[in-house]
1. Roughly to the nearest percent, how much of the accessible area of region 195-281 is carbon and sulfur, given a 1.4 Å probe?
2. Please compute P(r) over all alpha-carbon pairs of region 127-184, binned at 10 Å starting from zero, and give each bin as a whole-number percent.
3. Can you work out the Karplus-derived ³J(HN,Hα) for every residue in region 191-202? Use 6.51 cos²θ - 1.76 cosθ + 1.60 with θ = phi - 60°, whole Hz, and x for glycine or proline.
4. With everything on Cα atoms, drop me the angle between helix 168-183 and the longest principal axis of the chain, reported from 0 to 90° to the nearest 10.
5. State, as an integer percentage, the relative contact order of region 11-134 based on alpha-carbon contacts under 8 Å between residues 6 or more apart.
6. At 7 Å along Cα-to-Cβ for each site, give me the label-to-label distance between residue 310 and residue 418 in nm.
7. Just the projected area, averaged over all directions, of the convex hull on the alpha carbon atoms of region 205-364: how many nm²?
8. Give me Rg over Rh for region 1-132, both radii from the alpha carbons and Rh done the Kirkwood way, two decimal places.
Amino acid sequence: MKEKWLAEAKRIGDSLLKDSLKDEFGLYWETMEMDPDYNITFGKSDGIYSGVSGICLFLIELYRQTREMKYLDAAVKGMDWTVHSCRETGPMNSAFITGRIGVAYVLLRMNDCKNETGRNDYLNLASEIARSVYDKIKDAKDMIDDFINGTAGIVLASMHLYDSMREDWLLELIDSMVRNLINRSNFGPKGLYWDRSEQHISGLCGFSHGAAGVGYTFLELAHYFKNDTFKIIADLAFEYERHFYKPEITNWPDLRCNLYTENERKKYEDAYEKGEMELFTKGGDMNAWCHGAAGVGLSRFRAFQLYGEKVYKEEALIAIKRTEMSDSHYDEKEMPTSPTFTLCHGGGGNADIFLLAYMILGDEHYLKLAENVAEHALKFYQKDKKYYPGFRLGAEQEDRSLFMGNAGIGYFFLRLADPKNTRSILLPILDAEIENKDVLSLYSHLTLDSAKATEILLEKDFKRTIFVARQLCPDKMIPFFESGIIEKINEIHIPHAFMGLIETILPHLDENKREILSEIFQLESEKFRMDEAIKSHAYLYVKEIVQERKVREFLEEVDKQGNLDTQVFKISPDHRLWMANMSWNLQNSDLWESNLKKSFNNPEEMEEGLLLLKSTAYGVIEIELNPFSYTILFEFQEPSSVERVIRNTLDSFEELSSDDEKMLIEKIKEQIRLFLSSGIIII
């Protein structure tokens, strides 16, 4: 059987050599691309996912198993072209699987063949490419965090690089990216998620874009740096997915809504108009490495391999069960006309979980399941004389890339031919540990303990409450963070436990301290509860689109009729009006300390904090209001006519000239129109 799989991998490799193109810098391949209008084109790029370095990774592995120099020679020339491309264009995309740090990872694999190539420059080239990534992202604040395109993947690739090169700046990169991953995490109904988006129901499950992939990165961090705090964060990611698991489909749902095109948005806008909430909350049923059980299961098998806990094995076997149902056998009557066996979302990628189960559990049944997938792939190839790409719209042609095309299918055959010695690119395990932990002393996030991690996670929602409580009652805060509460993920929701702590502290403070702490705690608790109440991030986004259109049409009609004064409005239920005795500007932490001093020494100098809390697809935001805006909005807490709001607002002024009154009326109407247009008040 091994020769059979290897023969097909060679056939694919020979086809790739035939299709290669040459210029003065080396070899390259054109691979499928999709433009924003869903048109398929062919182009050249350098990343692992669909570029030249991904094809080279396959050719390196093909050489390793066949020892035929033609494959290694092509990989050498392909990486020469890739390095030149990186130098010419700069690090536009920094990611592991889809970007530049992935190129550095492939250069590490080239370095494994330095004796055969006679080249000793691959580590230096890997360092050069990775350093350009570091220079680009070290101060970046707007990155995404997922495995395939974002921070999590960069962390894992950087760990591989550091293990090979031992360059300190790589530890700086990893430390800063770990900081970002922790700081940008979000509490879900349980556990943590990343990359909140208006395109999603909630944070995604799954490996490429979801909690499984980020959790897997934290597993590797825990293992390599010997820090159990990272294992706890991985567990929080897995706990988030556990909450969403649906036994009726034996899967973790695809929580994307895909509102990228006008037609897709129209479908969701129609559903909103009809009150069909299920479309915004149900989620899809996809099983692949990128989304669904096949990828989730990889993360759980790795967790079981490292820690041996029962829950990991149970979830991994659930993922196996779902993947076996869909990928180990094919009914030709039920199969699509163009089945794909690609790595990203096809049979070849899904079979990786069978191979991993075989290696970890030692049961040849799982190897047989992977062989079944390969048999069906060959069968479909023999029937149609081609493999279908990952792009459904490009089914009439073959793609050459690693994740969406034939190089990846060939890689699957190589994995099947020698599963124990062929690295998985879908689960790029770092099978090593740091040799000297003393070098980590300069890196605060690589040496993070559970107490500090708990504080960092809670600061996203309760930063000001924590600050005030530390000033007023430090003896209560330190024991909470050091209690190991973060480790009780199956029993306790960390934010709820923190809110419970503050509620028990407040009655025991003197009146002044109680008022100060209570005020900011109530504000941040209200924001947190508002966010918890959101059922779908995409729903809020679509709601805003529809309401903006309706308000625009409404105002056009009002302008024609000239009857704004008689219209009745109220504050949207997605908003809360808030008044505090002091200002708590989130961007100005220096203000908090001065506020505390004033509250004890000169309370008459305090400035009120007037806020509007607004629920959005990206969280609950605070909008600072001036007294004029606050006064108008206060009138709309109950349904009120514009005429009544104008009258009550005018009454709040002691004396107004006729001209001042006219000007003020226009200002009030202008403000009301602005509130309408931004969805703050509704019809």
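The values are calculated or read from the model by the stated rules, or taken from the named source; none is laboratory data. Model, not experiment: these values are computed from the prediction. Please note: Cβ atoms are built from the backbone with ideal geometry, for glycine as well, and neighbour counts cover all protein chains shown. SASA here: full protein model, heavy atoms, side chains in, ligands and nucleic acids out. Shrake-Rupley method; radii C 1.70, N 1.55, O 1.52, S 1.80 Å.
1. Values: 1340 of 3010 Å².
Looking at region 195-281 in its full context, I get 44 percent from C and S.
2. With 10 Å bins starting at 0, P(r) equals 24, 62, 14.
3. Going residue by residue, I get x, 10, 9, 9, 6, 5, 8, 5, 8, 10, 5, 8 Hz, with x marking Gly and Pro.
4. Result, in degrees: 50.
5. Values: 179 pairs, mean separation 26.7, N = 124.
Over region 11-134, the number comes to 22 percent.
6. 4.0
7. Working: hull surface 45.7 nm².
Directional mean of the projected Cα hull area for region 205-364 stands at 11.4 nm².
8. Numbers: Rg = 14.7 Å, Rh = 15.1 Å.
Expressed as Rg/Rh, it is 0.98.
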